[in-house]
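What follows draws every value from the coordinates through simple rules; no lab data is involved. Bear in mind the structure is a predicted one, so any value in this text is a computation, not a measurement. When we count neighbours, we look across all protein chains shown, and the Cβ atoms used for this are built from the backbone with ideal geometry, even at glycine.
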Ligand SMILES: *Cc1c(COP(=O)(O)O)cnc(C)c1O
C-alpha cells in the first residue's frame, strides 16, 4: 500500500493520488487492472491535441460554453458587496455534471471501451451519462436504488428516453450506496469492454483528479471573465456547494495555490447537524475509506456508513471527495452548513430578486451569504451549479403555491 506523502501546503494531487492524507486507491484486486490502466494513461490522453480539440468543441457547441459570469446587481445591493454568478445552470442538461461526462466519454473511446456504466442517486449524473452515451453511440447502463427509481421518476424517464438501461439496486437501503456497489460488481464482471463514469470528485485515484480537471473549465473561464468585467482575474471569495465536490473543485481549481482567494465550501445540514438528519460530512464525519478512497465520511464507530439526509438529492452523499477533505482539514477552504429551510429560502430570494431559479443544491451556496460578512468592494463568485426545474415540486410543497 502506498502511503501518503503529506504536504499541507500543496492542494493538487500527488503522484500516489493523495491530497495530504486523503485519497489513494483502495480497491478490490479485481479492479486493479482497469484503474491502473486509467491511472497510467489519463494525463497523456487528456493532453493529446485531438482530445483537447474534441473536448473543447463539444463544450462550446453542444454544452453551450462558456457559461456566462453574471453580475447580480440586486443581490449585490442586498448584501452590500459585489456578487457574480457562474451560470452552470445554463449548460445543456441543466448543471455542471455534463462537463465531466463529456470528458469521460471521450476518455472511454480512447480506452477502446464500448459499454458505459454509472451509478446515480437523484438521477442527475445518470441523465448526464445517458446524454453523452447517446451522443457517442455507446451502450449505457445506469444503476439506481429501487427507492430512488420511485422517488426520481422524471429523471428515470429521461434516461430511458435517451436509450439508457436503468437497473434497480435492490439490496440494503436501495439507495445510492447500493447502486454504487452494483456498479462496482458489474465492472468487476466486465473488466475489458466497460468504462465506469463516476459523477463527482470521489472514488479511487485517478478519478478525483480526472473529474476535477474536466470541471476545471469553470474556473478557467472565471479567470478571463473576471478580468474582462473587473480588471482582475482574482475574486476575493468563491462559494460553492459540496456533495461529492465536483462543481466546487471546478470552481476552485485554478485558484487552489492562490491563497489570497478565499474558498468557501457549503455542505447540506439537512434538518440541522444535531438532529441525526444531515449530510454535513466534514463536521459529522471521520476518516475512513469510501468508494475506493481515504476520506471523511459519516460512519458508525464500527465503520458502517450512516445514511445521510438532505432535501437536495445531489448533496445527499455520506462522504466528501478527498480534495475537499484536505482543503477543509488543512484550513485552505472554509466550510459552512446550510439547512434545508435555509436553502429553500435562499432559492426563493434568488428567484424573486434576480429571476433565476437555482437547483436546491446550488441554493445551499446562496444560503451562506446570510452567514458571512463582506466588504463593499469585495468580489464574490457564487457557483450556480444547476437550475431548479427539477425541484419545482419541492418548492411548491414548501411555499404552498
Ligand atoms: C449533483 C449536483 C451537485 C452536487 O455534486 P458535486 O459533485 O458536489 O458538485 C450540486 N449541484 C447540482 C446542480 C448537482 O446536480
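Working from the Cα coordinates of the chain, the gyration tensor eigenvalues give, after taking √(5λ), semi-axes of 29, 23, 22 Å in decreasing order. Against the compact-protein benchmark of 2.2 N^0.38 Å, the Cα-based radius of gyration of the range 18-149 scales to 1.29. The tail of the calculated P(r) for the range 73-201 beyond 25 Å holds 29 percent of all Cα-Cα pairs. Please report the base-10 log of the normalised intensity I(q)/I(0) for the range 328-401, using a Debye sum with one equal scatterer per alpha carbon and no solvent, at each q in 0.15, 0.18, 0.24, 0.27 (1/Å). Treating every Cα as an identical point scatterer, log10 I(q)/I(0) equals -0.54, -0.74, -1.15, -1.34. In percent, rounded to a whole number, the relative contact order of the range 79-149 is 29, using alpha-carbon pairs under 8 Å and six or more apart. Put simply, the Cα atoms of the range 1-94 extend 54, 35, 23 Å along their principal axes, the longest span coming first. Could you please state, rounded to a whole Å, how far the C-alpha centre of the range 12-73 is from the C-alpha centre of the range 233-290? Each part's Cα centre sits 19 Å from the other's.
When 171, 312 are arranged by Cβ crowding within 10 Å, least crowded first, meaning fewest neighbours, the order is 171, 312. Within the range 387-401, find all residues whose amide N lies under 20 Å from a label point positioned 7 Å from the Cα of residue 151 along Cα-to-beta-carbon. Within reach of a label on residue 151: 387-399.
Among 264, 147, sorting on how many other beta-carbon atoms sit within 10 Å of each Cβ, with the fewest leading, yields 147, 264.
Considering the range 260-374 at the alpha-carbon level, its Rg and Dmax are found to be 14.5, 47 Å. How far is helix 32-47 tilted off the main Cα axis of the chain, in degrees rounded to 10, range 0 to 90? Taking Cα atoms only, the helix is inclined about 50 degrees.
For the chain, the longest principal axis of the alpha carbon atoms and the long axis of helix 217-230 meet at an angle near 20°. The slack in the chain from residue 26 to residue 286, taken as 0.36 nm per residue of separation less the alpha-carbon distance, amounts to 91.9 nm. Angle between the Cα long axis of helix 124-136 and the longest principal axis of the chain, 0 to 90 degrees, nearest 10? Once rounded, the angle reads 60 degrees. Note on residue 230 and residue 304: the extension gain reaches 21.8 nm, defined as 0.36 nm multiplied by sequence separation minus the Cα-Cα distance. Round to the nearest 0.05 the FRET efficiency obtained for residue 61 and residue 275 when R0 = 45 Å and r is the Cβ-Cβ distance. My answer for the efficiency is 0.45. The peptide list 252-263, 214-225, 357-368, put in order of mean Cβ contacts within 10 Å with the highest first, becomes 357-368, 214-225, 252-263.
The relative contact order of the chain comes to 19 percent, based on Cα pairs under 8 Å that sit 6 or more residues apart.
With contacts taken as Cα pairs under 8 Å at a separation of at least 6 residues, the range 229-353 carries a relative contact order of 26 percent.
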